Structures are given as structure tokens and as C-alpha cells.
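This report refers to the structure that appears directly beneath it.
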Amino acid sequence: MNGTHRFLSACRREPVDRTPIWLMRQAGRYMPEYRALREKHTILELIKTPELAAEVTMQPLQAFDLDAAIIFADILTLPEAMGLSLEFVRGEGPVFHQPIRHADDIQRLQDIDPESALSFTMDAIRLVNRELDGRLPLIGFSGAPFTLACYTIEGGSSRHFIHAKTFMYRATADWHRLMERLTDAVIAYLLGQARAGAAALQLFDSWAGVLSPADYATYVMPHTQRIFTELAEATDVPLIFFGTETATLLPLLAKTAADVIGVDWRIPLDEAWSIIGEDKAIQGNLDPVILFSTPDQVALAAQRILAAAGGRPGHIFNLGHGILPQTPMEHVTALVESVHAYSPMST
Ligand code: CP3
């Protein structure tokens, strides 16, 4: 029964028996089980083989007492499905070989039907749900148009986003056309995942914080808003916004129809929540690098965040960004146990 899971209850700011916890990038290289599969398959093989994607999705649930699963996929398979060839290069990260640099490149993008273009993720969602058999809710996700635009214009990871921002400032009409195309695809993809069985949807705008609030408002916000408004009209599943370095963007994000706002560790949780407003739930806040300290430090940091949440309904424990590849497994166990031990019953 999805409706009674503490993660989904917390998304809806309903009282829970204890604070739910899941971890961004909870399936991945810090787990020996994952590394063993990666020795035999590329990352894209894992994602595009539904049985393997389902197996990887389940790995962290077998190792830790978590409150939600997140489907094993990547934000970059969406632009790939739109026609941009993608490669993960060892030691370098993701690469789009023909990045978007001109208006003509936007025309090359294809509209997608997620059931055919991203059938592997839709099938993986159905497989995981069959295996979970209602025990835990499954989160579906997509990259946000801004973060996807950054990758597709840069052609890969970047530090200063000079190509992407220059495109934004100098070819503003084309920028908005690109954002429109990505927004349409993101909405179709997320709704496809909800139809396939995702019980909540998270939008990853990982690089939102590289923009000033004024630039986010001008170049990105209309598209972010459209995503949440259209999703909220079309589906009942909880909607989560995630970004990093967003402390100064929170007043804008509070205006979207997202149910939950993710925050990183650069702002105290209670301060962030007072900006977001108590009509939204909050997720995140733990610095992923704390997991490299000691179990005692991890417990203390968890306690601090739980104290800042103060037992108010609508807190989902998570990291402020994805778990890092070298994270010690025992410290993840310590974190989950600490959240279980110290989380107050919300009233
Ligand atoms: O949370 C989960 O467990 C679901 C899986 C997930 C992956 N990527 C799998 C993955 C999720 C939610 C993502 C999202 C994602 N992908 C984001 C947004 C989240 C964030 O952390 O900000 C971004 C920016 C990407 C793009 C991407 N994919 C990068 C930069 C990399 C790292 C490349 C490298 O070589 O380090 C990836 C690859 C990737 N996606 C890995 C995983 C587990 C590691 C690849 C490996 O196994 O070699």
C-alpha cells in the first residue's frame, strides 16, 4: 500500500512513525555489489538492460534499511533519446559528441515517446515494483531542463559553464526554445515513469546554483514552473525539486507546485524551511563528506539535522548531494541507524 509508506506520508506532510531516509545515488560505486556488476558491464549497459537496472536498484535496499528505492537510470539518457549521442568516458565522465551550439542544433532534437524511446527505464520500473511488491515506494526522476542544457551545450561536465551561459545570454530566444523542447521532454518522461509505477518524481536541477537568483528567474524559472504545474495537474504522485547551492534561490523555488524541496548543507535546515514555507516538505541537508568521518560524527550530524526539523511533519532525511564513490559502507549503516534512533515521532 503506497499511501501508507512513511516516505510518501512525509512528502505530503502527514505525520510519520519515524523520519524516512533515502540517499541520492544510493546505488553506485561505493557498493562492492555494484562494482562487481560494473566490471562486466558499462554504465549504459546497466541502465539499458531492465533486469540489470532492477538488480542495481535493489542493491542498496538489501544492504540498508532505507525508506524508498530510486530507479537506476541517469539524467543524460533523456537527451540521448532526443538524438544526442552519449558516451561515458572513463576518468572523464559523460560526453556528448555533438553538443548543441547553434539554433540549427535545436532542430535536430527529436520529441520523445518515453514508452518507446526510454522503454528500458519504463520496463525497469515495472520490474522493480514487481520485486518490491508494495514494500517500498519507488522514486522516478529526470534531469531538469537547465541542468540538461548545461550538459548538452557544454558537451560534458564543466566548471564554469561558459558555453551554456554564453548561449543563454547571447542567444536568449534560442535558449528559451531549447528549454521549451527539454521541458516538453522532461514532462513526458516523468509522466511516463508515473504511469509505469513510480510513486514519486524527483527533478534534478543539480547545477541551478551556478546562476544568480535574477538569472534563474529570467532564464529558467518559467520552465521549472511549467514542469511542476503540468505534472501536478496530470498526476497525484508527490513531486520533488532538487538542486545544490540553491540557498538564494529558495524564495523562487517555493513558488513552484513542487511538494518537496531538496536543500544542500550550505544552509541550516530550519532556516531553509522558513524560507520555503511550511506548506512544503523538505529533503536533504547532510554534507555527503560527513560520511567520511567517524560513526560518532555521523550520528551527531544526523541528530543536528533532526533537531533542526524539530519533529515537524514533512522532513525526509537525505544527503545534500549524491553519495560519493569512496564512502565507507559502515558509515552509511551508522547514518541510517542514527536516523532511526533519534528521529522523533512527528505529531
Ligand atoms: O540515485 C540513484 O541511485 C539513481 C541513479 C542515478 C545515477 N545518476 C546513476 C549513475 C541518478 C539519480 C543520477 C543522476 C545524475 N546523473 C545527475 C544528477 C544528480 C547529481 O548527483 O547531481 C547528474 C549530474 C548525472 C550525470 C552523470 N552521470 C555524471 C556526472 C556521472 C559521473 C561520471 C563519472 O565517471 O564519475 C554519471 C554516471 C553515473 N550515473 C554513475 C551512476 C551510479 C557512476 C558511473 C559508474 O558506475 O561508473
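A few comments on the model shown:
- Residue list for the range 11-39, given a label point 7 angstrom along the Cα-to-Cβ vector of residue 49 and an amide N cut-off under 16 Å: 33-39
- Distant-in-sequence amide contacts of residue 143, defined by a placed amide H-H separation under 5 Å and a gap of 5 or more residues or a different chain, comprise 204.
- Helical content alone sets the calculated 222 nm signal of the chain at -14000 deg cm²/dmol, taking -39,500 (n - 2.57) per DSSP H segment of four or more residues and averaging over every residue.
- Spin-label model distance (nm) - residue 40 vs residue 217, 7 Å beyond Cα toward Cβ: 5.4 nm
- Projecting the Cα atoms of 187, 4, 308 onto the dipole axis of the chain, where Lys and Arg carry +1 and Asp and Glu carry -1 at the beta carbon, places 308 farthest toward the positive end.
- Centroid-to-centroid, using Cα positions, the range 20-38 and the range 162-188 are 32 Å apart.
- For the range 47-88: rounded, prolate or oblate by the Cα gyration tensor [a/c cutoff 1.5]: prolate
- Net charge of the neighbourhood of residue 98, taken over other residues with C-beta under 14 Å away and scored Lys/Arg +1, Asp/Glu -1, is -3.
- In terms of overall dimensions, the chain has a Cα radius of gyration and Dmax of 19.0, 56 angstrom.
- Multiplying the residue separation of residue 65 and residue 236 by 0.36 nm and removing their Cα-Cα distance gives an extension gain of 58.9 nm.
- Cα-based shape type of the range 25-79, given that a ≥ b ≥ c are square roots of the gyration tensor eigenvalues and the cut on a/c is 1.5: oblate
- 235, 246, ranked by accessible area, largest first (probe 1.4 Å): 235, 246
- Building the convex hull from the alpha-carbon atoms of the range 202-265 and averaging its projection over directions returns 3.9 nm².
- What you get for the range 3-342, charging only the Cβ of Lys and Arg (+1) and of Asp and Glu (-1), is a dipole of about 340 debye around the Cα centre.
- Each residue of the range 287-347 gets 69 Å³ once the volume of the Cα convex hull is shared out per residue.
- Split the accessible area of the chain by element, probe 1.4 Å, and carbon with sulfur accounts for 51%.
- The residues of the range 3-342 have, on average, 39 Å² of accessible surface per residue, using a 1.4 Å probe with all protein chains present.
- If you sort the three axes of the alpha carbon gyration tensor as a ≥ b ≥ c, you get a/c of 1.5 or more for the range 80-232 and a/b above b/c, which makes it prolate.
- The distance separating the Cα centre of the range 208-253 from that of the range 102-131 comes to 22 Å.
- Per DSSP, loop GluC sites (Glu not before Pro) in the range 276-347 with at most 11 further Cβ within 10 Å: none
- Projecting label points 7 angstrom from Cα along Cα→Cβ for residue 85 and residue 97 puts them 0.2 nm apart.
- By the equivalent-ellipsoid construction on the alpha carbon gyration tensor, the range 234-347 comes out with semi-axes of 24, 16, 13 Å, ordered largest to smallest.
- Listed residue (176, 340, 47) projecting farthest to the positive dipole end of the chain, Cβ model: 176
- Here's the picture: charge each Lys and Arg Cβ at +1 and each Asp and Glu Cβ at -1 in the chain, and of 117, 167, 26 the one pushed furthest to the positive end of that dipole is 167.
- Karplus-derived HN-Hα couplings along the range 185-194 (A = 6.51, B = -1.76, C = 1.60, θ = phi - 60°), whole Hz, x at Gly and Pro: 5, 4, 5, 4, 5, 5, 5, x, 5, 5
- Note that the range 144-268 shows a convex hull volume over its alpha carbon atoms of 105 Å³ per residue.
- The range 1-131: equivalent-ellipsoid semi-axes (sqrt of 5 x gyration tensor eigenvalues, Cα, Å): 30, 20, 14
The values are calculated or read from the model by the stated rules, or taken from the named source; none is laboratory data. Predicted, not measured: the structure shown is a model, and the values here were computed from it. Using ideal geometry, Cβ is built from the backbone for each residue, glycine included, and neighbour counts are taken over all protein chains shown. Accessible surface is based on the protein model in full, side chains and every heavy atom, while ligands, DNA and RNA are left aside. Shrake-Rupley method; radii C 1.70, N 1.55, O 1.52, S 1.80 Å.
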